[in-house]
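See below for the structure under consideration.
The values are calculated or read from the model by the stated rules, or taken from the named source; none is laboratory data. This is a predicted model, so every value here is computed, not measured. Neighbour counts are summed over all protein chains in view; Cβ atoms, including those assigned to glycine, are modelled from backbone coordinates with ideal geometry.
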Amino acid sequence: MTAQKSWRRLLATATVGLLAASGIALAPIAANAVDAPTVTVSKTTGIDPAGETVTVTGTGFLPSAPDTSGTRPPLAGKFTGSYVTFGYFAENWQPSGGAAGTARKTYDTKWAVNAEDMTTIGGANSGAIELKADGTFETQLNIKQEDVSALTAGGRFGVYTYPGGGAKYAPFETYTPITFAAPVVTPTVSATVSAATAANGLTVDVAATDLPADITSTYAAIIEKGTAAALADPSSPTAAFAVPFPTVSAGASAFSLTAPAEKLDRTKQYEVLIWKLHSGATPENIYAEQDIEITDTQWDAIFPAPQAPSPTATATVTNATATGLTVKFDLANIDSSTGAYISVFENGTLTSLGHESLGVATDWLTPGKFSNQAATGTLTLQKAKLDRKKTYQFAAWKAHTNPTEDSVYALGTLQVTAGQWDIVFPTTTPTNPTPTFTDVKTGDKFAKEITWMASEGISTGVKQADGSYQYQPKNNVTREAMAAFLFRQYGDSSYKAPTTSYFSDIKPGDKFYKEISWMYANKVSTGVKQPSGKPAYQAKSGITREAMAAFMFRLDKNTKPATPKTSPFSDVSTGDKFYKEIAWMSTSGLSTGIKQPSGKPAYASKSNVTREAMAAFLYRADK
């Protein structure tokens, strides 16, 4: 028996006793007249947190005026029945106890009133339900585990009833506790393609959460979607199986799977499957699965379309004579109905080739010369059109077109050895040349190279008072003299210097102005930076061996050997300024360095270049 029922029966018994003592006769009282209101909820425990509908029935909700009469419209002064609500109420929530409305947070509310009053309060659409004459009602409430984090702590979920319309009547105030089932946590998994290549196949990064808290590892695989039932153990066929088994910590796991191309089919849908260790992939053992989204681009990377072989052309000097060079061309993978042009030309002049300019030599390999998209041809390069100081390129391009990016089949640098150049351009330097400078004698170190400087017109020496000339081998080379030497060996005699100097300390009319301007125009020297922004050349300063290496390196247009990872010189490190250029001086044979007791030569980068050393460097570069 509830406390409300006990209270009502105790009150009835006391009343009867008092009336009997006063001699007043009483009519028999119906049994339900003393029953307190009761509420029954069809389900009160294990409610799905996401929501369920329950049935609520009530009995004993009979009028007891004036306590059950409303104090506000629309039922002021009339029996107002009872609210029936699912809510989150404070422990002390009863209106009869003076609790404010803020103690009662309602989520789904019905108002049980007499049938004739239902329309007055808005009808069923406003939550009106019938409270029958016998004090009973029945209704449904939607119950859900609402977010109550913003509410006062200490509240309780429940089905509550209390008088409607502002009435305050304790017997109508009932509370039926509601408890929710623990939320069902479903593992989730993401599968992201991180790499797709023909060599390695498909790599998928996997991240799983909310796995069972009691496991420390799991099976995982990439499989064709819908084939999980075939997985009995790790030996079962999969596109990829995770080994070692992915570890699980606090329900989370992250790992990668790679499926080789030979185990994939771009027409199939694949998924990542995670399931219980040491078990088959039956529905009860599968923790999570996720489709893998593979783009067309990724599939194309794994299964690239067959590529036609690229056109190739090689050009080899097969003969060298006093009249010139013979070059053999080998062409392959060229599919052309018009054949191909082949040509040798000065480096950098490809785009100028055409009907009016055929380079050093050009020929047409007609379609009839091709077999299986391959052909050979020969060009004769006349000595009159060659200069051993220059570099040459070769190209093959589509016949009846000018050479452009779209029409050129292949382009390369023609490799001519020093020996081949010597045959075409035999040296005229005598074995024991007679020096032309009064301070250089036969047998002196670098006598041959210094005499060559004179015979090639690279150096005219220093005129003396008696009319003779000295070379002054031990003197340092000045920056203006270096410009003159390099221009005479590598420059174009038709070059015209600008009317405005590139350098702040050089002006038109200065000695070697043309040669110094040529150094800047050909990016051999950019000068020395100045605060004004316009560089200085410092013509009278000595040239260091490292700067000379940079000048020579920039002028050489031939294909250069790879820069060595270990320095050829004892005093030059791989991270030093101009290391690449200085190392090239060694690999190209231009400098053997300065002998050291250790056996490894030094380069002496910061030392000035002497005139005799300059003669040796230029002589070797020409050979």
### Query
What are the pairs, 6+ residues apart or on separate chains, where a residue within the range 288-315 that is farther than 24 Å from residue 374 by Cα has its Cβ under 7 Å from a residue that is of a type in the set (Asp, Glu) and surrounded by 10 or more Cβ atoms within 10 Å (Cβ to Cβ)?
289/271; 290/271; 291/271; 292/271
### Query
Do we find a residue being touching a strand residue (DSSP E or B) at 6+ places or on another chain (Cβ under 9 Å) and under 19 Å from residue 489 (Cα atoms) anywhere in the range 394-402?
no
### Task
Hey, could you check the range 446-493 for residues that are more than 58 Å from the chain's Cα centre (by Cα), polar (S, T, N, Q) and part of a helix (DSSP H, G or I) and say which is nearest to residue 545 (Cα to Cα)?
451
### Message
Which condition from (1) surrounded by 19 or more Cβ atoms within 10 Å (Cβ to Cβ); (2) assigned to a loop (DSSP other than H, G, I, E, B); (3) among the hydrophobic types (A, V, I, L, M, F, W, C) is the one that residue 553 breaks?
### Response
(2)
## Note on the structure
Only one of (1) in a strand (DSSP E or B); (2) modelled with pLDDT under 95 does not apply to residue 255, and that is (2)
### Task
Look through 583, 549, 604 and report the one residue that is under 41 Å from the mean Cα position of the chain (by Cα), small (Gly, Ala, Ser) and more than 30 Å from residue 507 (Cβ to Cβ).
583
### Query
In the range 530-546, what count of residues is obtained for those that are surrounded by 15 or more Cβ atoms within 10 Å (Cβ to Cβ), within 43 Å of the chain's Cα centre (by Cα) and assigned to a loop (DSSP other than H, G, I, E, B)?
1
### Query
If you check residue 471 against the conditions, is it under 18 Å from residue 439 (Cβ atoms) and not basic (Lys, Arg)?
yes
### Query
For residue 182, which of the numbered conditions (1) under 30 Å from residue 282 (Cα atoms); (2) touching a helix residue (DSSP H, G or I) at 6+ places or on another chain (Cβ under 9 Å); (3) exposed (fewer than 15 other Cβ atoms within 10 Å of the Cβ) fails to hold?
(2)
### Task
Give the residue that is surrounded by the fewest Cβ atoms within 10 Å (Cβ to Cβ), with candidates limited to residues of the range 196-221 that are within 27 Å of the chain's Cα centre (by Cα) and among the hydroxyl-bearing types (Ser, Thr, Tyr).
197
### Message
All but one of (1) assigned to a strand (DSSP E or B); (2) exposed (fewer than 14 other Cβ atoms within 10 Å of the Cβ); (3) of a type in the set (Val, Ile, Thr) hold for residue 362; state the number of the condition that does not hold.
### Response
(2)
### Query
Taking the stated definitions as given, is residue 495 out of contact with any Asp or Glu (no Cβ under 8 Å at 6 or more places or on another chain), of a type outside the set (S, T, N, Q) and buried (at least 17 other Cβ atoms within 10 Å of the Cβ)?
no
### Summary
In the range 113-133, anything without any contact (Cβ under 8 Å) to a residue 40 or more places away in the chain, more than 26 Å from residue 47 (Cβ to Cβ) and assigned to a loop (DSSP other than H, G, I, E, B) is listed as 114, 118, 119, 122, 123, 132, 133
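Given the condition assigned to a strand (DSSP E or B) and buried (at least 18 other Cβ atoms within 10 Å of the Cβ), answer yes or no: does some residue in the range 275-284 qualify?
Yes, the range 275-284 contains at least one residue that is assigned to a strand (DSSP E or B) and buried (at least 18 other Cβ atoms within 10 Å of the Cβ).
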### Query
Would the range 602-622 turn up any residue that is farther than 28 Å from residue 436 by Cβ, out of contact with any Asp or Glu (no Cβ under 8 Å at 6 or more places or on another chain) and either modelled with pLDDT under 90 or part of a loop (DSSP other than H, G, I, E, B) (or both)?
no
### Task
Would you mind telling me which numbered condition in (1) out of contact with any strand residue (DSSP E or B) (no Cβ under 6 Å at 6 or more places or on another chain); (2) buried (at least 19 other Cβ atoms within 10 Å of the Cβ) residue 251 fails?
(2)
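Please count how many residues of the range 31-90 are part of a loop (DSSP other than H, G, I, E, B) and surrounded by fewer than 17 Cβ atoms within 10 Å (Cβ to Cβ). Full working, then the answer.
Kept after step one, since they are part of a loop (DSSP other than H, G, I, E, B), are these residues of the range 31-90: 35-37, 42-46, 48-51, 60-68, 71-75, 77-78, 80-81, 90.
Those still in the list that are surrounded by fewer than 17 Cβ atoms within 10 Å (Cβ to Cβ) too: 42-46, 48-51, 64-67, 71-74, 77.
Adding up the residues that qualify gives 18.
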### Message
Quick test of your reading of the structure: residue 418 fulfils all but one of (1) surrounded by fewer than 14 Cβ atoms within 10 Å (Cβ to Cβ); (2) of a type in the set (A, V, I, L, M, F, W, C); (3) over 25 Å from residue 553 (Cα atoms). Name the failing condition by number.
### Response
(3)
### Query
Out of 144, 168, which single residue is closer than 30 Å to residue 65 by Cα and of a type in the set (D, E, K, R)?
168
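Rundown of residues vs (1) loosely packed, with under 14 Cβ neighbours inside 10 Å; (2) in contact with a Phe, Trp or Tyr (Cβ under 7 Å, 6 or more places away or on another chain); (3) touching a residue at least 24 places away in the same chain (Cβ under 8 Å), yes/no style:
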site	(1), (2), (3)
578	no, no, yes
585	no, no, yes
597	yes, no, no
603	no, yes, yes
608	no, no, yes
617	no, no, yes
621	no, no, yes
### Message
Looking only at the range 447-465, how many residues end up being over 16 Å from residue 489 (Cβ atoms) and out of contact with any Ser or Thr (no Cβ under 9 Å at 6 or more places or on another chain)?
### Response
4
#### Entry: Meets criteria (exposed (fewer than 15 other Cβ atoms within 10 Å of the Cβ), closer than 28 Å to residue 348 by Cα and of a type outside the set (S, T, N, Q)) for residue 560
yes
